[in-house]
Amino acid sequence: MDSRLSIIIPVYNNENYLRSALQSVLAQTYPDFEVLAVDDGSTDGSLAICQEFAQKDRRLRIIHKENGGVSSARNRGIEEAVGKYIAFVDGDDCIDPEMYTTMITILQDTGADLVDCRVIKESQYMPRPYEKGDVEVSDHPLEYLSKKGYFIDSSLNKVYRRDFIGRTRFDEGISYSEDKLFVTELIFKAKKISLPDSCRILPG
């Protein structure tokens, strides 16, 4: 657990996008990570796709549960995760290969509680050469709740220290914008946040 990253993917009927998402996550250059695919009672071929990938890559662990919603799936992933760092990706997202290597390095170098990267919306994922960009570091995280381009209130474009998350969980009674409350609670208790502009996550 010294430096391991746990990447939690809630999966529910994502078969049209899931292969691309898993490929992008498993292609990460960060050397020590596990992927927790939390199947939330999918009724399509999503579980079979997860099983196919898990047979080829032991870093992928499948957790199957009855349908309870995305917050329930993410909370289950947090409980099962063994990493020092936590990240969330949805089953229709794609991420750059260097994303977590860069973000965790920044997290370690700055001593931040969480690091937040840019979100770029594209109809199709197009890999781009990595370029080292600027990094903002703030001791006043609340000032960044409305910062454009970084989707501060999204759970998906961040890496969190596991001990910083503590007992904070997603509210399973909320079915819309469920991650805003989770992230806002964390930012209220954060002492330092880092924002690199060199990483990106592409939501489906």
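Restricting attention to segment 27-59, report how many residues are farther than 24 Å from Thr102 by Cα and either in a loop (DSSP other than H, G, I, E, B) or of a type in the set (Gly, Ala, Ser) (or both). Steps first, please.
Initially, segment 27-59 is screened for residues farther than 24 Å from Thr102 by Cα, giving 38-56.
Still in the running and either in a loop (DSSP other than H, G, I, E, B) or of a type in the set (Gly, Ala, Ser) (or both): 41-46, 48, 54.
Counting residues in segment 27-59 that are farther than 24 Å from Thr102 by Cα and either in a loop (DSSP other than H, G, I, E, B) or of a type in the set (Gly, Ala, Ser) (or both) gives 8.
For Arg59, indicate whether it is of a type in the set (Lys, Arg) and buried (at least 19 other Cβ atoms within 10 Å of the Cβ).
No, not satisfied.
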Residue set Phe170, Phe164; condition surrounded by fewer than 19 Cβ atoms within 10 Å (Cβ to Cβ) and on the phi < 0 side of the Ramachandran plot; output residue Phe164
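Listed residues Lys191, Lys132; which is modelled with pLDDT under 90 and out of contact with any strand residue (DSSP E or B) (no Cβ under 8 Å at 6 or more places or on another chain)?
After ruling out the rest, the residue left standing is Lys132.
Within segment 60-81, which residues are hydrophobic (A, V, I, L, M, F, W, C) and either in a helix (DSSP H, G or I) or under 15 Å from the mean Cα position of the chain (by Cα) (or both)? Write out each step before concluding.
Going through segment 60-81, the residues hydrophobic (A, V, I, L, M, F, W, C) turn out to be 60, 62-63, 70, 73, 78, 81.
Residues satisfying the conditions are Leu60, Val70, Ala73, Ile78, Ala81.
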Looking at the structure I just gave you, is Lys65 surrounded by fewer than 15 Cβ atoms within 10 Å (Cβ to Cβ), touching a helix residue (DSSP H, G or I) at 6+ places or on another chain (Cβ under 7 Å) and either of a type outside the set (Val, Ile, Thr) or farther than 30 Å from Val135 by Cβ (or both)? yes
Taking the residues in segment 102-122 that are within 29 Å of Asp2 (Cβ to Cβ) and acidic (Asp, Glu) as candidates, determine which candidate is modelled with the lowest pLDDT. Asp116
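Scanning for something within 15 Å of the chain's Cα centre (by Cα), modelled with pLDDT under 90 and outside any helix (DSSP H, G or I), does segment 139-150 turn up at least one residue?
Residues of segment 139-150 that are within 15 Å of the chain's Cα centre (by Cα), as a first pass: 150.
Those still in the list that are modelled with pLDDT under 90 too: 150.
The next check asks that each one be outside any helix (DSSP H, G or I); those that pass are 150.
Scanning segment 139-150, I find at least one residue that is within 15 Å of the chain's Cα centre (by Cα), modelled with pLDDT under 90 and outside any helix (DSSP H, G or I), so the answer is yes.
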Odd one out for Tyr125, checked against (1) in contact with a helix residue (DSSP H, G or I) (Cβ under 9 Å, 6 or more places away or on another chain); (2) modelled with pLDDT of 70 or more; (3) under 14 Å from Asp96 (Cβ atoms): (2)
Filter result (more than 18 Å from Thr110 (Cβ to Cβ) and surrounded by 19 or more Cβ atoms within 10 Å (Cβ to Cβ)) within segment 144-153: Phe151
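The values are calculated or read from the model by the stated rules, or taken from the named source; none is laboratory data. No experiment lies behind these values; they were computed from the predicted model shown. Positions of Cβ are backbone-derived with ideal geometry, glycine not excepted, and every protein chain shown enters the neighbour counts.
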